[in-house]
Amino acid sequence: MKRVVVGLSGGVDSSVAAYLLKKQGYEVIGLFMKNWHDDSVTISDECPWLDDSNDALLVAEKLGIPFQTVDLSEEYKERIVDYMFNEYEKGRTPNPDVLCNREIKFDVFLKIALSLGADYVATGHYCRKDTIIENDKEVYRLLAGKDPNKDQSYFLCQLSQEQLAKTLFPVGELLKPEVREIAKEQNLITADKKDSQGLCFIGKVRLPEFLQQKLQPKQGYIIEIPSSEEMYRKSVPNFTSKQEELEFLSTKYKYNVNDGKVVGKHQGAHYYTKGQRKGLAVGGTPEPLFVIETDVETNVIYTGQGKSHPGLYRKALFISNDELHWIRPDLKLDVDEELQVMARIRYRQPLNKATLHQVDSGMYIVFDNAQSAITEGQFVAWYIDDELVGSGVIS
């Protein structure tokens, strides 16, 4: 009888994951991760970890499985929160949920589970895993969840073969309504519980307030760049090499304050991210303003009107070698190799056709269609059919 430790979060997905594993004959242990203590930055009681841990306990009692709480807040602060502050300070926009899976759930938590004699850990993620044999070796594949509305494979885009080997995703074959139905049938207290929102384990956070713990407010200008600006009309040069073309396509627009007009003030460029619309507090424009670039050096935010503003769009991005990750190392590209894939630059974004180009210093991804708000610090993930094969941090 194999032993599985389930990360019981107090939500419906992990509750049903535990139930399904028990039904399949595994010896199941429930573990609740407490990763955050500071309630001062969470909005009202959107993420009352106390309620969540109580719900997790009640689910464990109902299922008749052992349960305990582990406090990982020190590791969480060190690996996730400090990293977030650091990235925002550099003017990048991190994705804590992807990181939390790589560093906390499938690393720190996984090690705790293995120390309890577990064969596997399991979570309530909507994704699937299978195993194939390549060159006489077992290779694990991370596949999209069956429910297209809930597929969470993107959040696991940084997992390794070693981590996948020890992981189970029991709800990956189900649709969300089916999961709720099972929870109702089993009278689990989490059956109708709302899905959690916001930061992995912290909940809904007022981001500026959260960041203000470390990053001081600093007043600067909001500049509006007209869509008729000359730089958006520059002609495509004749390239002497593929590398030159890739560099051209992935280069972002460079702005300075004289390119547009001052339309307002902000409290710190590091609180804003590309594509952001809310929180600018600038009115009176025919179309809403979107952030098209932030400059943390000069503390200026550049904006443009409307979601089709040319400053939002770019066809290519670059990932440096040290931030490139293959879930399937056997598919890794050599220098000058190309690969056709489907890719997304954020969760919930529909997959887009793209081509990977490996060069000496890293990898370019060129999309068939220009993408809105390609944001440094975020993760891009690429798929072949419904398998997520690799990912990287946008440089």
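Between HIS266, HIS270, the distinction of being in contact (Cβ under 8 Å) with a residue 60 or more places away in the chain and within 21 Å of GLN212 (Cβ to Cβ) belongs to HIS270 only. GLU293 meets all of the listed conditions (1) farther than 14 Å from ILE222 by Cα; (2) assigned to a strand (DSSP E or B); (3) acidic (Asp, Glu) but one, namely (1). Which count do you get for residues in segment 243-290 that are closer than 23 Å to ASP368 by Cβ, part of a helix (DSSP H, G or I) and among the aromatic types (Phe, Trp, Tyr)? Residues in segment 243-290 being closer than 23 Å to ASP368 by Cβ, part of a helix (DSSP H, G or I) and among the aromatic types (Phe, Trp, Tyr): 1 in total. Every listed requirement among (1) in contact with a Leu (Cβ under 8 Å, 6 or more places away or on another chain); (2) closer than 21 Å to GLU87 by Cβ is met by ASN321 save one, (1). Return yes or no: is SER227 among the hydroxyl-bearing types (Ser, Thr, Tyr), surrounded by fewer than 14 Cβ atoms within 10 Å (Cβ to Cβ), at pLDDT 95 or above and more than 21 Å from the chain's Cα centre (by Cα)? No: the conditions fail for SER227. Among the residues that make up segment 58-65, is at least one of them crowded, with 20+ Cβ neighbours inside 10 Å, of a type outside the set (D, E, K, R) and closer than 30 Å to GLY275 by Cβ? No, because not a single residue in segment 58-65 is crowded, with 20+ Cβ neighbours inside 10 Å, of a type outside the set (D, E, K, R) and closer than 30 Å to GLY275 by Cβ.
Once segment 298-317 is narrowed to residues that are surrounded by fewer than 21 Cβ atoms within 10 Å (Cβ to Cβ) and either within 18 Å of TYR364 (Cα to Cα) or hydroxyl-bearing (Ser, Thr, Tyr) (or both), the residue that is farthest from the chain's Cα centre (by Cα) is THR298.
In segment 58-80, the residues that are in the same structural domain as LYS23 (by TED's automatic domain parsing) and in contact (Cβ under 8 Å) with a residue 40 or more places away in the chain reach residues that are of a type in the set (Phe, Trp, Tyr) and in a loop (DSSP other than H, G, I, E, B) with C-beta atoms within less than 7 angstrom, at least six apart or across chains, in these pairs: TYR76/TRP36; TYR76/PHE201.
State yes or no: is LEU57 within 25 Å of LYS22 (Cα to Cα), part of a helix (DSSP H, G or I) and not small (Gly, Ala, Ser)?
Considered against the rule, which asks whether it is within 25 Å of LYS22 (Cα to Cα), part of a helix (DSSP H, G or I) and not small (Gly, Ala, Ser), LEU57 comes out as yes.
Here segment 190-218 is the region considered, the condition is being among the charged types (D, E, K, R) and at pLDDT below 75, and the residue that is nearest to the chain's Cα centre (by Cα) is LYS204.
Which of the residues belonging to segment 111-135 are more than 19 Å from LEU21 (Cβ to Cβ) and modelled with pLDDT of 95 or more?
LYS111, SER115, ILE132, ILE133
The set of residues from segment 98-130 being surrounded by fewer than 22 Cβ atoms within 10 Å (Cβ to Cβ), touching a Leu at 6+ places or on another chain (Cβ under 9 Å) and closer than 20 Å to TYR26 by Cα comprises ILE112, LEU116, TYR120, ARG128, LYS129, ASP130.
The values are calculated or read from the model by the stated rules, or taken from the named source; none is laboratory data. Computed from a predicted structure; not experimentally measured. FYI the Cβ positions are ideal-geometry reconstructions off the backbone, even for glycines, and counts take in every protein chain you see.
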